[in-house]
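First comes the structure, then the notes that go with it.
The values are calculated or read from the model by the stated rules, or taken from the named source; none is laboratory data. Being a predicted model, the structure only gives us computed values, none of them experimental. In this analysis, Cβ positions are derived from the backbone assuming ideal geometry, glycine residues included, and neighbour counts consider all displayed protein chains.
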Amino acid sequence: MVLQIPRILVRPQAQKWGLRYATTDGGPSMSLQDTSAETSGGGLWQVTLTAIELISPALRNLWDGFAALQDGGATPIVMPMFVGLRAPWPVVDGRPVVSSAIYPHSDGTYVSDGTGYVEDVIRSHLVGARPLRATSVTLHMDYGGEITMGMHFSIRHAKLGWRLYRVRRVIEATIGTNAGSYNLDVRPPLRQAITGDEDVVWDTPRCVMRMTDAEQWHQEEEARKFPTPTITMIERLWSAK
Amino acid sequence: MSERFLPLAYADKCRGIRPKLGIYAHITMPDDDPVRIWGGVGDCDPGTNGVDPAGAIYTGLGELLNVPAFQALINGKAERIALNMSGVTEEMVWLFDEQAMNLRDAPVRIGIGSFDEDWQPMDPVNWCWMGFADVSTMSRKRTETGFQRTLIQNIGSIFTGRSRGQHSYFTDASQQALHPGDKFCERTPLYNRGYLKRWPRT
């Protein structure tokens, strides 16, 4: 089972996403040859969310409940990445469109509390099959802005679930108005082979992760202050076989 | 591990760039599919090679597979190495714990492969050492962030004998249990380390 963490629960003051490598260094060489070697196979995602603000009793209860649901890291969760304006948002009238319209039921009515349905703003899908550990993908941007290096996206793999990728560089692009076709160099290498029809998520990239230290999820009770826990999560992998 | 185990072509490619290496282990199980693991993240298909003619998926351990230095057999010296593995999955625990008896004496190959700048296999895996699985041990130690499980698989070469001595105690109680009435160990409680027994008695 993989849990979806509510976005309302992870509102940190800072976030730090990165790939954790395993580089072995042999020290400086007088022959000027590089003595280090990389053996991790592309790295493992790690995120640190600093000072998550649990500003209400309801949030604090939700936090503790969600910590319990993870069973000390045995149950993985899907961790969202907050991209802000770094995503390829479509641009309309010179302004980025960062939120979708709210849609009613098919009969035109809304939910009793007045809310409706939303969808991702950016829509894109992969084109063409790629093998396991490929580092370039071709995708079509159905509705969205220009993709640049350093952006992040997610693919929901058939067996491994949500995996996060970073655009290393744009190899080739044909860009239209809020649309385009791209050939991207990405990291880490694809965790699982893709068939070519998968949707690509840019609005809120996400990754299956697990807690590294259950104690980080403990709330520090302090008078007249709300807790601000800092947590570190690491990508959870298992064999795709 | 010496560079001499690497193909010269790969050694040439490594000059001037940061090498990207994959360390592979292949265990041939007697009654089951081979166990294929490698020291990187995620699954990896290193392509066809001498051990996997049709290619195969290697399961990543998630953490560096610590392979100690091992030597080619020179002057008849036999050796035993120990693979230290962290990032141990439940599948690995099942293999090394439940299947321990089947694992014993299973052929183990250690290979090294290289990746290009785009993390694609550059050459076939170079299987540079072969041994046979011996005892495996699992340790579980407390760390700052919880318990960490580590698996140690001992591997011996074809010339490595399992000559680890079995401990035994020459006590009267054990001798009586084996051979009731025998008095051979009757006086052993009188002796201790450093005791000099004169023989024959003068």
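For the structure I just gave you, tell me whether A:Pro96 is on the phi < 0 side of the Ramachandran plot, free of Cβ contacts under 8 Å to residues at least 60 places away in the same chain, touching a helix residue (DSSP H, G or I) at 6+ places or on another chain (Cβ under 9 Å) and not β-branched (Val, Ile, Thr). So A:Pro96 passes the test.
Under 9 Å between Cβ atoms, at least 6 apart or on separate chains: pull out the pairs that start in the range B:33-48 with a residue that is over 19 Å from A:Ala193 (Cα atoms) and facing chain A (nearest Cβ under 7 Å) and end on any residue that is among the polar types (S, T, N, Q) and assigned to a loop (DSSP other than H, G, I, E, B). Correct list of pairs: B:Gly39/A:Thr39; B:Gly39/A:Ser40. The lone criterion from (1) more than 14 Å from chain B (Cβ to nearest Cβ); (2) buried (at least 19 other Cβ atoms within 10 Å of the Cβ); (3) modelled with pLDDT under 95 left unmet by A:Met233 is number (1). Total residues in the range A:147-177 satisfying the condition of being farther than 17 Å from A:Asp199 by Cα, more than 14 Å from chain B (Cβ to nearest Cβ) and either exposed (fewer than 15 other Cβ atoms within 10 Å of the Cβ) or of a type outside the set (Val, Ile, Thr) (or both): the figure is 9. A:Asp197 meets each of the listed conditions (1) outside any loop (DSSP other than H, G, I, E, B); (2) modelled with pLDDT under 90 apart from (1). Selection of the range A:181-192 for residues being more than 17 Å from A:Gly150 (Cβ to Cβ) and surrounded by 17 or more Cβ atoms within 10 Å (Cβ to Cβ) yields A:Pro189, A:Leu190, A:Arg191, A:Gln192. Screening A:Asn61 with (1) over 20 Å from A:Gln13 (Cβ atoms); (2) in a strand (DSSP E or B) gives one miss only, at (2).
Quick grid of which residues meet (1) free of Cβ contacts under 8 Å to residues at least 60 places away in the same chain; (2) in a strand (DSSP E or B); (3) among the small types (Gly, Ala, Ser); (4) under 16 Å from A:Asp203 (Cβ atoms):
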position: A:His125; (1), (2), (3), (4): no, yes, no, yes
position: A:Met149; (1), (2), (3), (4): yes, no, no, no
position: A:Leu164; (1), (2), (3), (4): no, yes, no, yes
position: A:Val170; (1), (2), (3), (4): yes, yes, no, no
position: A:Thr174; (1), (2), (3), (4): yes, yes, no, no
position: A:Ser181; (1), (2), (3), (4): yes, yes, yes, no
position: A:Asp185; (1), (2), (3), (4): yes, yes, no, no
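With respect to A:Glu215, determine if the residue is within 14 Å of chain B (Cβ to nearest Cβ) and without any contact (Cβ under 8 Å) to a residue 12 or more places away in the chain. When the stated conditions are applied, A:Glu215 passes them. Of all residues in the range A:218-241, those satisfying the criterion of being part of a loop (DSSP other than H, G, I, E, B), among the hydrophobic types (A, V, I, L, M, F, W, C) and in contact (Cβ under 8 Å) with a residue 12 or more places away in the chain are A:Phe226, A:Leu237, A:Trp238, A:Ala240. When the residues of the range A:110-123 are filtered to those that are out of contact with any Ser or Thr (no Cβ under 8 Å at 6 or more places or on another chain) and in contact (Cβ under 8 Å) with a residue 12 or more places away in the chain, the one that is surrounded by the fewest Cβ atoms within 10 Å (Cβ to Cβ) is A:Thr115. If you go through the range B:19-32 and pick out every residue that is away from every other protein chain (no Cβ under 14 Å) and not in a loop (DSSP other than H, G, I, E, B), you end up with 2. Evaluation of A:Arg130 against the conditions (1) farther than 30 Å from B:Thr59 by Cβ; (2) surrounded by 14 or more Cβ atoms within 10 Å (Cβ to Cβ) shows that the sole unmet condition is (1).
Scanning the range A:24-40 for residues that are closer than 30 Å to A:Thr230 by Cα, touching a strand residue (DSSP E or B) at 6+ places or on another chain (Cβ under 6 Å) and modelled with pLDDT of 70 or more gives A:Glu38, A:Thr39.
Given the criteria within 14 Å of chain B (Cβ to nearest Cβ) and either touching a residue at least 40 places away in the same chain (Cβ under 8 Å) or of a type outside the set (S, T, N, Q) (or both), does A:Val201 qualify? Taking the combined requirement at face value, the residue does not satisfy it. Here is a check on your reading of the model: is B:Thr48 within 20 Å of A:Gly41 (Cα to Cα) and at pLDDT below 85? No; evaluated as a whole, the condition is false for this residue.
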